[in-house]
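Nothing in this text is a laboratory measurement; each read-out follows from the coordinates by a stated rule. Please read these numbers as outputs of a predicted model, since none were measured by experiment. With ideal geometry, Cβ positions are generated from the backbone for all residues, glycine too; neighbour counts draw on all protein chains shown.
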Amino acid sequence: MADSRSELLNRPVPDDLAVLARGEGVDPRQAWLSAETDLNLAGGYEQVFLLVEDDRLLTLARPGGRWARPVRVQLARSAVKEVRTRQGVGGGFLEVLVDGVYVEVLAFSNARADLFHKVCSKLKLWIGDRKPSVSREDDYNPRKCPKCGMTLEFKGDLCRRCINRGAVLSRIIRLMGPYAGWGILMLAILLASIGLLMIPPQLTKHLIDDVIEPAVKGTLTTDRAARDLMVLVVALIGILILRAICDSVNGRLSSYVGTQITTDMREAVLARLMRLSIDYYDRHSVGQLTSRAVNDTGAFNDLIRNVTGGYLAQILVVVITGVMLFSISWKLALWTLLPAPLVILASTFYWRRVYPRYFRVWDAWSRLWSSLSAILSGVRVVKAFGQEQREEDRFGRSNRYVRDSARRVEYATSLFNPAMGLIFSLGGPIVWYVGGLEVINNALLGNQEGLKLGGLMAFMAYLGMFYGPLAHMTTLTDWLTRLLTAAQRTFEVLDTSPQIVQADSAKTLTSPQGAIRFENVTFGYSRHEPVIKGVSFEVKPGEHIGVVGKSGSGKTTLINLLARFYDVDEGRVLIDGIDVRDLEMDDLRKTVGVVLQEPFLFRGTIYANVTYGRRDATPEEVLGASKASHAHKFIMRHSLGYDTYIGEQGAGLSGGEKQRISIARALLYNPKILILDEATSNIDTESEQLIQEALARVTAGRTTIAIAHRLSTLKNSDRVLVVDKGLIVEQGSHEELMALGGLYHRLVKIQTELSREPSVDALTILKK
Amino acid sequence: MTMSTEPEKTNMPEVSPTQLRFLTPGMCRIHLGTHEALHVTVRNERIYGGVYAAHAFPVAHPDEYISLLHTGADEEMEIGIIRNLNEFPEDDAALVRQALARRYFVHVIILIRDVGWKYGFINMQVDTDKGPIDFLMPWRHDRAFDYGRRGKVLIDVDENRYLIPDLDRLSLRELNAFQRYIYW
């Protein structure tokens, strides 16, 4: 029978330490929880054990340093009032509240942070007189690769060390699958073109050895020689015309296929970006992603062009001319291969030393894009604070970084490529010398089967074809490097798994009621810092809820979890009794609508922005929604009305106008649950009044959750939730909370003192 | 070991969360209290238990502007800031330094033995003040950020931190190996 004990929470204490512990009256076998940490409380690496028995906890380690005894901390359960983990820098602490003071029990490095968060949750039960269970199931950690144990970037991420990645190049080739037919056709034409290229030197050889030389020696009549000469020249012209046709057709085909693949890749990258969770955008700048979607995908077009007109053609030419060289004279051909070892050495150097510099160039470009994008997006702030020179300097630094990194690569390649060309060209003079001697000797000895002048001329012509592409091939590594780098960056986006995915058997929500329930929800944006801590609350269908709290208290996080922009770490969020993780994503999006503090409008007409969530809305519906949101009036002031084109992020409209359009958009979307995330915090009082009226219409009959800094915006709320440090500390109606005299009361007092209102009681509490 | 029970409270007002207060040796004493937890006694005010220390400017002023924070059952508050730790009695300063050493668990890289790259990870083989370590770090900008003018902090896959205080102090071989991959 498999052992059900946890490897992490039933960690065996080493024998020598167990002996020392028994000397202190501690039997490690009595502990229901035994966990190993890697740090001591002096901040140094040391093997320290936490043992928890029914009535006490203690830490155990070998004596040393400032600790003379193996038992370092020992506390009775009855003395421990609370347990928590506290994050340090690079590690953390398990702490318990004893005698009103938080005492550090042990320290851990970040490698063990997940383990001690789990230990902490067990200890919370333990001090509450509930015996927690410890089993092998506790060893499961969704942030660790089950195969190699490496920490993953987020729960459910693919382990890059373990995934079957294959070579980037073979993946690129696989991507060409849908274009295989076109590829075969291009390859056939390419082979025909190269075949035609091989014919002229043979004709030259025939011309010299069988026509010109016999004619000069008088062994061939002048008429016959002239006729043969004409035939050969016509054949040469015919071959040149055929090659030109082949190359032209292939150029068109490669353009067609290359641009198509690039278009497909860009769309695939954007489709993936659209599916990725919000947390991905927390980690990557817009500039970097733009560069990947636009620049890096262009590498695939480059690949196709080089396959047909560039490197593949040159590789084939090298191989076929190599065969021709050996067929003319294998001895001479061997001489041409003398530089090969030098080429291998130089290529090795290139991959190890020059290759990594390309990453710097790509990075520099990415930074330049980001820098410029930030400056232009924030130009109003720049001007408002008179920081033009500073931004010019900042851009200058990014620009010079591009220059310097490009120079580093280009200086290296400009040395490398000619050096390689020189190495290859060394074969030419050798062939002239060795081949020339052989031709002279054959002529003197009358050897008719040996190499003759025509053969040597043909050999030199093939050698030109051989060295030409070979010299060019020295940049193959250069090109291949850029291609692989760009492809890899593209694949990185395509390979990123969305953190938020729809369940396999997702449930539909055909007629949502708008009931919401949070059950013991815990969540943190970073691994070790929960922002929401075991929150539970319920909202009835159609109820209007206000959420208040200080900045950073976790208000917006609650909304992010409800809209499933992120998944909870623990607990559940339910809509109409269904866990949001089990809901069809489309149904969830249709059920939950959001009006943000910063309304985002897209480049396009006002009409397109109002109908953003419902492209099928009729003009009548758009007019109705805009009227209800107090947007219609200002829209009609524009000469083109709803067809007025607005710029990036709503440029040309005031904050209040943009917000009213976003409310019209929400109204048209008609969600059963509406979230107002500080929707009126950035606008003037007059606009706010208009928007409040609009919101009163929008929220009627829907479950509404309004986050607000201005408490006046909560006057329509049935209930107010007060959030503090990730917990709901108070809830009730305005009157109830005021009577309670807690945090809400304090916030109202502060705001009343700051506002012109004589008292918060002047706020009309309107019940729906 | 000093044992205290509930924090001793006086009629003195609580520390204002919006005002800066500098702690001086004349107004406070830093000592160990309950279960060897760090305590700060502010004269005519109260005893704060469960105190920890944090640098305000860990790079620019490592021995100055050290915040002492108290975490009670309810919330965290700053007791005050030590302007210059060297002004305090040696024993008090030593306790603060120990608290800082506990809070900042950072490996200081002394020697870079080798740097490799594979599939988006950088494999660093280094000697640190805590011994030789091989670690993997994602090859991303946010995993190697600036520390002062010429230093770098590296964060591995487990979010452990490794500090190179000054790149200029690396040998040419180490610097080349490092900057081949971490060039930003």
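A full extension of the chain between A:Met150 and A:Gln87 corresponds to an added length of 20.6 nm, given 0.36 nm per residue minus the alpha carbon distance. Any chance you could tell me what percent of the C-alpha pair distances in region A:245-397 go past 22 Å? Taking all Cα-Cα pairs of region A:245-397, the fraction more than 22 Å apart is 67 percent. Dipole orientation for region B:52-184: of the candidates B:Pro138, B:Asn84, B:His70, B:Pro138 has the Cα lying most toward the positive pole (charges on Cβ; Lys, Arg +1; Asp, Glu -1). Under 29 Å of direct C-alpha separation, and excluding same-chain neighbours fewer than eight residues apart, A:Lys217 reaches these lysines: A:Lys205, A:Lys331, A:Lys452.
Taking the Cα centre of the protein assembly as shown as reference, the dipole from Cβ charges on Lys and Arg (+1) and Asp and Glu (-1) amounts to some 1720 debye. Sorting A:Glu519, A:Glu657 by the number of Cβ atoms found within 10 Å of their own Cβ, with the fewest placed first, yields A:Glu519, A:Glu657.
A Förster distance of 56 Å, applied to the separation of the beta-carbon atoms of B:Leu175 and A:Gln202, puts the FRET efficiency at 0.50.
What you get for region B:106-179, charging only the Cβ of Lys and Arg (+1) and of Asp and Glu (-1), is a dipole of about 180 debye around the Cα centre. Annotation: amide H of A:Ile646 within the under-5 Å range of A:Gly604, A:Thr605, A:Ile606, sequence separation 5 or more or interchain, hydrogens built in the peptide plane. Its DSSP H runs of at least 4 residues, each contributing -39,500 (n - 2.57), put the calculated 222 nm mean residue ellipticity of chain B at -3500 deg cm²/dmol, to the nearest 500.
With the simple spin-label model, which puts each label point 7 Å out from Cα in the Cβ direction, the A:Lys550 to A:Leu220 separation comes to 10.1 nm.
Every helix of 4 or more DSSP H residues in chain A counts as -39500 (n - 2.57), and over all residues that averages to -16500 deg cm²/dmol at 222 nm.
Between the amide H of B:Cys28 and those of B:Arg43, distances stay under 5 Å, these residues lying 5 or more places away or on another chain, with hydrogens modeled in the peptide plane.
Against chain B, whose longest principal axis is taken from its Cα atoms, helix B:90-103 shows a tilt of about 50°. Contact order for chain B, expressed relative to its length and based on alpha carbon pairs under 8 Å spaced 6+ residues apart, stands at 14 percent. Which one, A:Thr59, A:Ala406, A:Ala76, is farthest towards the positive end of the dipole of chain A when Lys and Arg carry +1 and Asp and Glu -1 on their Cβ? Result: A:Ala406. List the pairs from A:Lys590/A:Lys672; A:Lys555/A:Lys725; A:Lys81/A:Lys131; A:Lys590/A:Lys627 whose alpha-carbon separation is above 19 Å, in the order I gave them. With Cα atoms farther than 19 Å apart: A:Lys590/A:Lys627.
Note on region A:229-304 and region A:602-634: Cα centroid distance 40 Å, given to the nearest whole angstrom. Close amide H pairs (under 5 Å, H built 1.01 Å from N) link A:Tyr612 with no residue at least 5 positions away or on another chain. Comparing Cα centroids, region B:140-184 and region A:407-425 end up 30 angstrom apart. For region A:557-603, what percent of Cα pairs sit more than 12 Å apart? The share of Cα pairs beyond 12 Å in region A:557-603 comes to 65 percent. Under the simplified labelling scheme, the B:Arg140-A:Ser414 pair shows an inter-label distance of 3.7 nm, with each label point 7 Å from Cα along Cα→Cβ. Spatial offset of region A:559-593 relative to region A:108-137 amounts to 27 Å, using the alpha carbon center of each. Considering all alpha-carbon pairs of region B:22-103, what whole percent are spaced by more than 22 angstrom? Here the tail beyond 22 Å accounts for 14 percent of pairs. Here each label is just a point 7 Å from Cα along the line to Cβ, and for A:Gln502 and B:Gln19 those points are 5.9 nm apart.
For chain A, the residue among A:Val211, A:Gly181, A:Leu342 whose Cα projects farthest onto the positive side of the dipole built from Cβ charges is A:Val211. Among the residues of B:154-161, the average count of other protein chain beta-carbon atoms within 10 Å of the residue beta-carbon is 6.
Only lysines eight or more places from B:Lys152 in sequence, or on another chain, were considered; those with a Cα closer than 29 Å are A:Lys144, A:Lys155, B:Lys118, B:Lys130. Taking other C-beta atoms within 10 angstrom as a stand-in for reagent exposure, A:Cys148, A:Cys120 fall in the order A:Cys148, A:Cys120, fewest first.
When you restrict to C-alpha pairs under 8 Å that are six or more residues apart and normalise by the size of region B:22-103, the relative contact order lands at 28 percent. For chain A, relative contact order (Cα pairs under 8 Å, six or more residues apart, normalised by length) works out to 9 percent.
Qualifying trypsin sites (Lys or Arg not before Pro) in region A:1-106, where qualification requires a DSSP coil assignment and no more than 11 other C-beta atoms within 10 Å, comprise A:Arg66.
Between A:Glu7 and A:Arg77, what FRET efficiency follows from the Cβ-Cβ distance if R0 is 35 Å, with the result rounded to 0.05? With R0 = 35 Å, the Cβ-Cβ based efficiency is 0.90.
How high is the FRET efficiency from A:Ser327 to A:Ile440, r the C-beta distance, R0 22 Å, rounded to 0.05? That pair, A:Ser327 with A:Ile440, gives E of 0.50. Here A:Met585, A:Met230, A:Met324, B:Met124 are placed in order of increasing Cβ neighbour count within 10 Å, fewest first, which gives A:Met230, A:Met585, A:Met324, B:Met124. Express the Stokes-Einstein translational diffusion coefficient of the protein assembly as shown in µm² s⁻¹, to the nearest whole number, given a Kirkwood radius over alpha-carbon pairs, 25 °C and a viscosity of 0.890 mPa s. Answer from the Stokes-Einstein relation: 71 µm²/s. A Cβ-based charge dipole, computed about the Cα centre of region A:507-590 with Lys and Arg at +1 and Asp and Glu at -1, lands at about 280 debye.
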